[in-house]
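Engineer: Pasting a structure here, questions to come.
The values are calculated or read from the model by the stated rules, or taken from the named source; none is laboratory data. All values derive from a computational prediction rather than experimental measurement. All Cβ positions, glycine included, derive from the backbone under ideal geometry; neighbour counts span all protein chains shown.
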Amino acid sequence: FGIGYAGREELLRMIERYKVNAVFAGHVHFDDITILNDTIFITTTTAASATRGDAYWGYRLVTVRNWSIVSYNYKEPKYSIPLYHIECKELDQFTKLVRNDLEKSINVRLTFLVPAGNYSINNGCVVMERKVNDKMEVYIDVYVPEKSEILVRLERVD
């Protein structure tokens with residue numbers, strides 16, 4: 001925490017005084033995990049701005065169970081999920097290709113905007129459909145194993 005931001009000492013005193021368990025920060029262009037006086041400080045890199053050195057764009061999934069943080073790193077000791085390792089390409093209105101180059105499996109939600117009708121899917125699970133006039137949004141949850149790609153295609157069954 002040696003960056004020297006103005007007012008940080010008072011903020012740290014308040015965090016300690018009120019027994020804050022976790023502090024989340026971001027947009028600082030690097031990842032960091034610091035534990036100070038039983039408080040965990042979880043810092044996440046930027047999601048889209050310029051980076052420096054070996055930094056990258058990323059985001060962090062934080063898992064909480066029974067009021068406790070149980071997971072916050074993609075890779076130890078401090079790294080967030082590198083954004084450029086997940087890609088979704090729309091091949092046409094009815095087909096998307098999801099590529100996962102991460103070293104862990106992911107669940108993704110895809111959205112398709114298609115003509116209203118009845119559809120079947122080849123991968124995933126339909127979680128919601130919204131119809132407006134002659135259009136329909138179809139939301140599909142898909143499991144994508146590590147280092148793999150999944151093709152998701154809607155087929156009209158009218």
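Engineer: Considering only residues that are assigned to a strand (DSSP E or B), within 19 Å of the chain's Cα centre (by Cα) and modelled with pLDDT of 90 or more, which ones fall in the stretch 23-40? First the steps, then the outcome.
Structural biologist: Let us first name the residues in the stretch 23-40 that are assigned to a strand (DSSP E or B), namely 23-26, 32-36, 39-40.
Next, from what is left, pick out any that are within 19 Å of the chain's Cα centre (by Cα): 23-26, 32-33.
Val23, Phe24, Ala25, Asp32, Ile33, listed by residue number.
Engineer: Going through Glu146, Glu90 one at a time, which residue ends up being touching a Lys or Arg at 6+ places or on another chain (Cβ under 6 Å), modelled with pLDDT of 95 or more and under 30 Å from Phe41 (Cβ atoms)?
Structural biologist: Working: Glu90 fails: under 30 Å from Phe41 (Cβ atoms).
Exactly one residue qualifies, and that residue is Glu146.
Engineer: Out of all the residues in the stretch 51-66, is one or more of a type in the set (Gly, Ala, Ser), at pLDDT below 95, within 29 Å of Leu102 (Cβ to Cβ) and in a loop (DSSP other than H, G, I, E, B)? Give the steps one after another, and end with the answer.
Structural biologist: Our first condition is that a residue be of a type in the set (Gly, Ala, Ser); within the stretch 51-66, this holds for 53, 55, 58.
Narrowing the set further to residues that are at pLDDT below 95 leaves 53, 55, 58.
Those still in the list that are within 29 Å of Leu102 (Cβ to Cβ) too: 53, 55, 58.
The next check asks that each one be in a loop (DSSP other than H, G, I, E, B); those that pass are 53, 55.
Yes.
Engineer: Okay, next question. Can you pull out every residue in the stretch 57-74 that is touching a Lys or Arg at 6+ places or on another chain (Cβ under 9 Å) and over 14 Å from Ile40 (Cβ atoms)?
Structural biologist: Within the stretch 57-74, just Tyr74 meets the criteria.
Engineer: Regarding the stretch 106-129, can at least one residue be identified that is among the basic types (Lys, Arg), in contact with an Asp or Glu (Cβ under 7 Å, 6 or more places away or on another chain) and under 30 Å from Ala25 (Cβ atoms)?
Structural biologist: Going residue by residue through the stretch 106-129, those that are among the basic types (Lys, Arg) are 109.
Still in the running and in contact with an Asp or Glu (Cβ under 7 Å, 6 or more places away or on another chain): 109.
So of that shortlist, the ones also under 30 Å from Ala25 (Cβ atoms) come out as 109.
Taking every residue of the stretch 106-129 in turn, at least one turns out to be among the basic types (Lys, Arg), in contact with an Asp or Glu (Cβ under 7 Å, 6 or more places away or on another chain) and under 30 Å from Ala25 (Cβ atoms).
Engineer: Could you tell me how many of the residues in the stretch 117-158 are on the phi < 0 side of the Ramachandran plot, surrounded by 15 or more Cβ atoms within 10 Å (Cβ to Cβ) and not in a strand (DSSP E or B)?
Structural biologist: 1
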